[in-house]
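The values are calculated or read from the model by the stated rules, or taken from the named source; none is laboratory data. Here the structure is a predicted model, which means the values were calculated and not measured. Neighbour counts are summed over all protein chains in view; Cβ atoms, including those assigned to glycine, are modelled from backbone coordinates with ideal geometry. Please note that ligands, DNA and RNA were not included when accessible areas were found on the heavy atoms of the full protein model with its side chains. Shrake-Rupley method; radii C 1.70, N 1.55, O 1.52, S 1.80 Å.
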Amino acid sequence: LQLLQEALQQQGYQVAIAQTGQEALTFITHAPPDLILLDVVMPEMDGYEVTRQIHRNTALPFIPIVLITAYDYSLMEVFEAGAIDIVEKSNSLDELVARVESLLALKQIWDDQIQTSQEQTLMMVGVTHDLRTPIIAANQTLEQIQVGDFGN
């Protein structure tokens, strides 16, 4: 854990550590990170269950989760839990840092797309409102003409 923390901090990343699954869930709920590296084997609750609980929390934004393990694993279980990737502890730190960089770049693209979509939605709401006002006024004027409010 300390080796991983140091490697990521040397690359300029801010790293927060939780010792248990419940501690991680509490931290994530209050301060959602951009990426989660999660050990499969933890006290109280394994990484698969923590991953499932993160994905059940609809108040959280999309957060890529990478599971880390020293044991045999099933890719089906990894993906069904909702993790993006799994890394074996025997892999080099350089490989893990490269995956972190790649996933954070994808997360940034995702976040930018979400923001652009939200901005476009707000713009469409404004345009729709601005177009409705003169149309409603014209419609009301036509109705008044039809009922003869302005004479023949």
Among (1) part of a helix (DSSP H, G or I); (2) buried (at least 17 other Cβ atoms within 10 Å of the Cβ); (3) modelled with pLDDT of 90 or more, the one test that Leu8 misses: (3)
Pairs where the first residue, in the stretch 49-75, is open to solvent by 20 Å² or more (accessible area, probe 1.4 Å) and the second is outside any helix (DSSP H, G or I) and polar (S, T, N, Q), C-beta under 8 Å, 6+ apart: Ala70/Ser90
Checklist (1) of a type in the set (A, V, I, L, M, F, W, C); (2) under 24 Å from Phe27 (Cβ atoms); (3) within 25 Å of the chain's Cα centre (by Cα) applied to Ala70, failing item: (3)
Top-ranked residue of the stretch 93-147 - restricted to ones that are surrounded by 10 or more Cβ atoms within 10 Å (Cβ to Cβ) and either acidic (Asp, Glu) or in contact with a His (Cβ under 7 Å, 6 or more places away or on another chain) (or both), ranked as farthest from Pro32 (Cα to Cα): Glu143
Hey, Ser90 loosely packed, with under 15 Cβ neighbours inside 10 Å, under 16 Å from the mean Cα position of the chain (by Cα) and under 25 Å from Gln2 (Cβ atoms) or not: no
Number of the condition not met by Ala81 [criteria: (1) over 30 Å from Ala7 (Cα atoms); (2) touching a Ser or Thr at 6+ places or on another chain (Cβ under 6 Å)]: (1)
